[in-house]
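**Student:** Below are the structure tokens for one structure; questions will follow.
The values are calculated or read from the model by the stated rules, or taken from the named source; none is laboratory data. Predicted model, so just to flag it, every value in this text is computed and none were measured. As a convention, Cβ positions derive from the backbone with ideal geometry for all residues, glycine included, and neighbour counts pool all protein chains shown.
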Amino acid sequence: MSPLLQVCDLTTHLFTVEGVVKAVEGLSFDLDADETLALVGESGCGKSMTALSLMGLVPDPPGRIVGGQVLLGDRDLLQLSEHEMQKIRGNEIAMVFQEPMTSLNPVFTVGDQIVESVLTHRQVSRRQARERAVELLDLVRIPDPRGRFDDYPHRLSGGMRQRVMIAMALACDPDVLIADEPTTALDVTIQAQVLDLLGELQGEFGMGVILITHDLGVVAGIADRVVVMYAGRKVEEAPVDDIFASPLHPYTQGLLGSMPRPGLEERLREIPGVIPSLIDMTPGCSFAPRCAKAMARCREEQPDHATIGDARVVACFAAEEEVAGRGLAVDT
């Protein structure tokens, strides 16, 4: 069966007075129905720009998608006009944005904002749309949904606002849901509730979910597969259990080494250095200046994506040598 969503060599650049920012460079991955794919990495690695590219929301200027394909079924979303994308955005592919207070309009009630989302894509009366909005507020576990319909965003807690954003995203039963840092700025208890809710709704609707986060604890609890990004590129992709049990790329190893764990008494390891400028990219592997395993070749050549076994991909010369040394097949 074909993947629900196929992203092939997606490349998004920002054209600024300082130069061309290579925000996303040759990114590829697939997403199946009922699957949760996590995009992880430090801030500035291209996760959110990937989400905006998939949604057709890259601000132009300065941004522009300069290459690749985003296949939803048999349609390449990058070839559609803005008018055509408006029919798909929020309907077949929807997004929960990172900060609900900047995404919700403060001068409209939360109910009216959900109603407008329904009316945009469904041929229903305003009364039917209102009932659908109340139904959605109840679906995302907001107490007294009919009473909360007339509340303004500032009257809701951060967790409740995030639930409203999820309700808006689900208004038209999308096939693909993108959740960009859905638990940022929420306390641990509310984070768990929001993540549990996403899992329940995914099981109910059969959506494919792209989860964008830097929180590896969230990834461990909800993701099926993981794509690790660094400086706009994919450096590793694997099932979530493999990522945590045997990370291959030195950057992935560094991320896991810096993650607090229950019972861990030794000092957390930090990744030395900083993310390079995405304008003046040096030759070779972008992670080489921070990598303890870097060889001369790493500073001269950009490693291609090598396939390890059936389900793993890594872009690292040192990892290829290590895997080959174990007797595993490496397809470059």
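**Student:** Would you be able to say whether some residue in segment 148-155 is more than 11 Å from P100 (Cβ to Cβ) and free of Cβ contacts under 8 Å to residues at least 40 places away in the same chain?
**Tutor:** Among the residues of segment 148-155, at least one is more than 11 Å from P100 (Cβ to Cβ) and free of Cβ contacts under 8 Å to residues at least 40 places away in the same chain, which makes the answer yes.
**Student:** What are the residues in segment 280-300 that are modelled with pLDDT of 90 or more, surrounded by 13 or more Cβ atoms within 10 Å (Cβ to Cβ) and in a loop (DSSP other than H, G, I, E, B), if any?
**Tutor:** The answer is G284, C285, S286, F287, C291, K293, A294, M295.
**Student:** Also: Can you pull out every residue in segment 193-215 that is under 13 Å from the mean Cα position of the chain (by Cα) and either surrounded by fewer than 18 Cβ atoms within 10 Å (Cβ to Cβ) or part of a helix (DSSP H, G or I) (or both)?
**Tutor:** Correct list: H214, D215.
**Student:** Please indicate, with yes or no, whether at least one residue in segment 157-180 is assigned by TED's automatic domain parsing to the domain that holds L248, under 19 Å from the mean Cα position of the chain (by Cα) and among the basic types (K, R).
**Tutor:** Within segment 157-180, none of the residues are assigned by TED's automatic domain parsing to the domain that holds L248, under 19 Å from the mean Cα position of the chain (by Cα) and among the basic types (K, R).
**Student:** If you don't mind, another one. When you check V226 against the structure, is it farther than 30 Å from V17 by Cα, in contact (Cβ under 8 Å) with a residue 40 or more places away in the chain and surrounded by 19 or more Cβ atoms within 10 Å (Cβ to Cβ), yes or no?
**Tutor:** yes
**Student:** If you don't mind, there's one more thing I want to ask. Modelled with pLDDT of 95 or more, touching a strand residue (DSSP E or B) at 6+ places or on another chain (Cβ under 7 Å) and under 25 Å from T184 (Cα atoms), is that true of L77?
**Tutor:** For L77, the condition - modelled with pLDDT of 95 or more, touching a strand residue (DSSP E or B) at 6+ places or on another chain (Cβ under 7 Å) and under 25 Å from T184 (Cα atoms) - is not met.
**Student:** Now for a separate question. R64 passes all but one of (1) over 28 Å from G217 (Cβ atoms); (2) crowded, with 17+ Cβ neighbours inside 10 Å; which number fails?
**Tutor:** (2)
**Student:** Of all the residues that make up segment 207-231, how many are out of contact with any Ser or Thr (no Cβ under 7 Å at 6 or more places or on another chain) and over 13 Å from D180 (Cβ atoms)?
**Tutor:** So the count comes out to 10.
**Student:** Need the failing condition index for A292 against (1) under 27 Å from D32 (Cβ atoms); (2) outside the structural domain of V17 (by TED's automatic domain parsing); (3) aliphatic (A, V, I, L, M), just the number.
**Tutor:** Unmet for A292, out of (1) under 27 Å from D32 (Cβ atoms); (2) outside the structural domain of V17 (by TED's automatic domain parsing); (3) aliphatic (A, V, I, L, M): (1).
**Student:** Look through segment 10-34, keep the residues that are hydroxyl-bearing (S, T, Y) and surrounded by fewer than 21 Cβ atoms within 10 Å (Cβ to Cβ), and return whichever of them is nearest to I65 (Cα to Cα).
**Tutor:** Residue satisfying both the conditions and the ranking: T11.
**Student:** Looking at segment 47-85, which of its residues are touching a residue at least 24 places away in the same chain (Cβ under 8 Å) and polar (S, T, N, Q)?
**Tutor:** S48, T50, S53, Q69
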